Amino acid sequence: MTGDMDGQTRRVYWVLLFAPLVLLAALYLFPLSRVLWLSVTVPSPGFGNFEQLVSSSAIQRVLWTTLRICVLTTALALLIGYAVAYAALHLRGWRGEALLFFVLLSFWLSVLIRAFAWLTLLQSRGIVNTWLMGAGLIDQPLTLIRNEFGVVLGMVHYMIPYAALPLYANMKGIDPRLVPAARGLGAGPVHAFLKVYLPMSTPGLISAGILTFIFSLGFYVTPALLGGGRTIMISEYIAVQINDTLNWGVGSMLATTLLLSIFAILAAMSLFVDLRRVFGVR
Amino acid sequence: MSESIRLDHLTKRYGGHLATDDVSLEIPAGRFVTLLGPSGSGKTTLLMMIAGFVRPTTGRIVVSGRDITDDPPERREFGMVFQGYALFPHLTVAENLAFPLKLRKMPRARIEQEVRRMLDTVHLPQLGGRYPRELSGGQQQRVALARALIFNPKVLLLDESLSALDKNLRAGLQEELRDLHARLGTTFVFVTHDQEEALSMSDEIVIVNHGRIVQSGAPRALYDRPRTRFVADFLGRANFVEGIVTASAGTAISYEAGGIPLRQAGPSDGPPVRPGDAILVGLRPEKLRLARDEPGGATNRTPAEIALVTFEGADHHVRLTTPLGPMQAVVPSDAAGPQPTRGDKVWLSWDADASVVLHDDR
Amino acid sequence: MDLAPSRPFRVTVFVAWMAILFLTLPFAVVLPVSLTPQRYLSLPDGELSLRHYQTLLEDRTWILSLRDSAVVAAGSTLLSVVLGTMTALACWRISSRLSEGVRMIMLAPMMVPSIVHALGFYRVWAQFGLLDTYLGLILAHAMKGTPYVVISVSAALANVDLRLEQAARSLGATAPQALWKVIIPAARPGMLAGSVFAFALSWDELVVTLFLTSRNVYTLPRKIWDGIQDNINPAVAAVATLLIALTIAAMLVRIVIARRQARLAAASPS
């Protein structure tokens, strides 16, 4: 009943609803639709570009690399993020706040700066190799970047806050008396955690997992800098198609594939969780 | 300024559901009228239609002879106190009160003066600089009241305005509200589900159920002569005796329930009955007398066994099992003699004119 | 918790602190690297130098990139806040399946990978002569920033009573007046939070920028990117140090403000 609107109110709020949508349609959805369109029209109409998904071994290698790195990154970021969120919430006093502060600091810092910092540490003449050689532990510099190790390292580093913060928000909503209650009933700490806490934090894990996985799939900067042209993920591969080989057909086809995969994942997940909750609008 | 309100065949339909069903009602100028009903009865919908937030599907609303059905809420000049108060969180108390005056382009000095006067009226002269979240529930309630009254509205509407407060505070504010009504003479329309509140405050109570007006009248009249089972049950406590009429002559009716002959006399708004008809009789618990021995002279009496005794301060509330079914009685706790105790075998008696015949609307 | 910390909890805390070390370690090395006297990326060997900071001041491209970033971030943030706030307000009030659908569509730019919409922007902007213009980049960044404002403002409005609007109306405000004088002020904290997100996003945005700009509009991330590609210019370390310091400072200010607000709220009787 409080939801009832008179004519005046209705006009005001429908304008508020549709004006931004119209702008988004013109400035965003239309450009996006151009990408989809290109993928089936360039160089010639049809699904020729998409056939390369099965026929081109180069593309398949990129897709597999992307998937492998994303799964690994998501798993590691969730595991570490869970520990960080749990500790930040349950440590008393300044310790918990300090943990949270560093997570937030990392969250707000420029992605370029982060990748750059890893470069200074890990490149062949970088700080880690210089120290190890100086200490006489190795003779040859270790290859720490320009491979999957470097990419995963950089991406996990980037994704930990994206995993930890939703988990923290979710854990904050869990009644802190539940675990002591379970232990009071005779459950051991591990048992109490597995039977009580973990199920209650599962929605947070799912949300954090969706966010990290989707963000990882389309990641560009970190893989481009730390993969150094050797370990190539799909975003960088698309950029190369457009910038270096001017191959808009394959580029837009892969972009379309990426886009559709992400919406497929979201659609599938929406069967299990309320996506509005995942993106924080409910 | 005081105005009358007439609701003319108001119906509000949400899809297939009728929130209010052809409601007509006259609210005379200057009255304190309470719309009372359980949640979902349609009383709030009625209030929202009067306020202008809900548009009636059919029917008209007329204020002092002028049809306002199509006026937007801001042109109705009705003050409203909302459930949860709806104070503006980003404005101080004084700014909240000044809000309607600024919209009316009142000069700044006048506004300050009016705000001060109104804060005095609601006994909060010191709190003008506070934000709503810094106030207690009772203070917020008074600010909401002050804000609704400061622009001299034609009518004051109150939606479950006291429900969120604790009991003592509520009693104090009820008195203040009545006092304010007496001083201002503005028409008050109050919505509540709390029957005690309705009984203690109103000039007139309108009982609403399933989107319709069931009965209306002065509190005392409604309490003493409910027309239906719903009204008797909703307004205060009631015993119901279901029997079969054995004889009837005007208002005097003889009937039988649980094998016991009973008599009913005096005015009733219930349906006319003839011998052989089923009859529903309502009986207030405080009209019942409790005795150890059979009261020989009593018109109506039944043996009973005490099932539960609840101490309520001035009274004992006693639940009993009788051949007529479960009954309840209220007896003064300082009554002479032994206190009622669970398991006691007792007698219940009442006068023929203590009960009323009811329509069974269950 | 009332129970003594268990062994698994101590392990969790240890993992958490190691994670924090992992998160912050890279930033810790940026400061010493920025003070190296060498022309290449290295740790200073006894001697410290500010030459790379001097480069930042003397090389006009760094200063100009800062200006371009500020212009683009300010412009796109403004547009994001307007669009995002409008959407969140409408969804709050209308709250139907349709409005929820619109809100999910408005969140799309957040879910779509940068490279995908970068291609789209590039094709369409090329048609309309928006490539390498401030307006072009501002519009693109504004689209990316809007979802964050929608989320922040929606969160701020979640606890706002729908009756506030009715209260304003009953007091004599028209629907637009109620919106402007009551609802938007209630949404203000969310607008502020959203604008911080939108600004940070534009300030740090690279992928779309790489596609849409070349010489005319040259933002800081672009300059850093080129600085890294260019045999890793140590001036990047100096910029990185400044950005890290700026971020820490901003966070500390935020904490101080939050503390003071909490103290004020605690001081007043409720």
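The values are calculated or read from the model by the stated rules, or taken from the named source; none is laboratory data. Please read these numbers as outputs of a predicted model, since none were measured by experiment. Neighbour counts are summed over all protein chains in view; Cβ atoms, including those assigned to glycine, are modelled from backbone coordinates with ideal geometry.
Those helices (runs of 4 or more DSSP H) of segment C:68-164 in which 3 or more residues are more than 10 Å from every other protein chain (Cβ to nearest Cβ) occupy C:134-158. A:Lys172 meets the conditions (1) touching a residue at least 12 places away in the same chain (Cβ under 8 Å); (2) among the charged types (D, E, K, R); (3) farther than 23 Å from A:Arg92 by Cα in every case but one. The failed one is (3).
Checking each residue in segment C:12-50 for being within 7 Å of another protein chain (Cβ to nearest Cβ) and among the hydroxyl-bearing types (Ser, Thr, Tyr) picks out C:Thr12, C:Thr24.
Here's the yes/no breakdown for (1) β-branched (Val, Ile, Thr); (2) exposed (fewer than 14 other Cβ atoms within 10 Å of the Cβ); (3) over 15 Å from the mean Cα position of the chain (by Cα):
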| residue | (1), (2), (3) |
| --- | --- |
| B:Leu18 | no, no, yes |
| B:Val23 | yes, no, yes |
| B:Arg31 | no, no, no |
| B:Gly37 | no, no, no |
| B:Thr45 | yes, no, yes |
| B:Gly52 | no, no, yes |
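For A:Arg146, the conditions (1) at pLDDT 90 or above; (2) among the charged types (D, E, K, R); (3) under 25 Å from the mean Cα position of the chain (by Cα) are fulfilled apart from (1).
Yes or no, residue by residue, for (1) surrounded by fewer than 17 Cβ atoms within 10 Å (Cβ to Cβ); (2) not β-branched (Val, Ile, Thr):
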| position | (1), (2) |
| --- | --- |
| C:Leu25 | yes, yes |
| C:Val30 | no, no |
| C:Ser34 | no, yes |
| C:Arg39 | yes, yes |
| C:Pro44 | yes, yes |
| C:His52 | no, yes |
| C:Glu58 | yes, yes |
| C:Ala73 | no, yes |
| C:Arg93 | no, yes |
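Any residue at all in segment B:74-85 that's farther than 30 Å from C:Ala187 by Cβ and in the same structural domain as B:Asn152 (by TED's automatic domain parsing)? The answer is no, given that none of the residues of segment B:74-85 is farther than 30 Å from C:Ala187 by Cβ and in the same structural domain as B:Asn152 (by TED's automatic domain parsing). When the residues of segment A:54-66 are narrowed to those that are of a type outside the set (Lys, Arg) and surrounded by fewer than 15 Cβ atoms within 10 Å (Cβ to Cβ), which ends up nearest to the chain's Cα centre (by Cα)? Among those residues, the one meeting the criterion is A:Trp64.
Here segment C:214-230 is the region considered, the condition is being within 11 Å of chain A (Cβ to nearest Cβ) and closer than 17 Å to A:Arg125 by Cα, and the residue that is surrounded by the most Cβ atoms within 10 Å (Cβ to Cβ) is C:Ile228. Filtering B:Arg292, B:Arg319 for residues that are surrounded by fewer than 20 Cβ atoms within 10 Å (Cβ to Cβ) and at pLDDT 95 or above leaves a single hit, B:Arg319.
Consider segment A:225-260 and keep the residues that are among the hydroxyl-bearing types (Ser, Thr, Tyr) and modelled with pLDDT of 95 or more. The one that is farthest from the chain's Cα centre (by Cα) is A:Ser252. Of everything listed in (1) within 16 Å of A:Phe219 (Cα to Cα); (2) within 12 Å of chain C (Cβ to nearest Cβ); (3) charged (D, E, K, R), the single unmet condition for A:Arg183 is (1). Of all residues in segment B:93-114, which are polar (S, T, N, Q) and without any contact (Cβ under 8 Å) to a residue 24 or more places away in the chain? Within segment B:93-114, B:Gln113 is the sole residue that qualifies. Is there a residue being more than 10 Å from every other protein chain (Cβ to nearest Cβ) and in contact (Cβ under 8 Å) with a residue 24 or more places away in the chain anywhere in segment C:200-207? Yes, some residue in segment C:200-207 is more than 10 Å from every other protein chain (Cβ to nearest Cβ) and in contact (Cβ under 8 Å) with a residue 24 or more places away in the chain. Do the conditions hold for B:Met106, that is, is it modelled with pLDDT of 95 or more and more than 7 Å from chain C (Cβ to nearest Cβ)? Yes, satisfied.
Inside segment A:168-188, residues that are assigned to a helix (DSSP H, G or I) and at positive phi make up a count of 0. Restricting to helices (runs of 4 or more DSSP H) lying wholly in segment A:189-282: which have 1 or more residues that are under 22 Å from A:Ile113 (Cα atoms) and away from chain C (no Cβ under 11 Å)? Correct list: A:198-217, A:221-227. Tell me, please, whether a residue that is farther than 16 Å from B:Pro285 by Cβ, modelled with pLDDT of 90 or more, crowded, with 16+ Cβ neighbours inside 10 Å and touching an Asp or Glu at 6+ places or on another chain (Cβ under 8 Å) can be found in segment B:344-356. Scanning segment B:344-356 turns up at least one residue that is farther than 16 Å from B:Pro285 by Cβ, modelled with pLDDT of 90 or more, crowded, with 16+ Cβ neighbours inside 10 Å and touching an Asp or Glu at 6+ places or on another chain (Cβ under 8 Å). You will find that of C:Arg222, C:Arg215, the residue that is in a loop (DSSP other than H, G, I, E, B) and more than 30 Å from B:Pro89 (Cα to Cα) is C:Arg215 and no other.
Cβ-Cβ contacts under 6 Å between residues 6 or more apart (or on different chains), taken from a first residue in segment A:1-23 that is at the interface with chain C (Cβ under 8 Å from one of its Cβ atoms) to a second residue that is not in a helix (DSSP H, G or I), are listed as A:Thr2/C:Leu162; A:Asp6/B:Pro72; A:Gln8/B:Pro72.
The sole residue among C:Ala235, C:Ala187 that is modelled with pLDDT under 95, within 14 Å of chain B (Cβ to nearest Cβ) and either within 19 Å of C:Ile138 (Cα to Cα) or buried (at least 20 other Cβ atoms within 10 Å of the Cβ) (or both) is C:Ala187.
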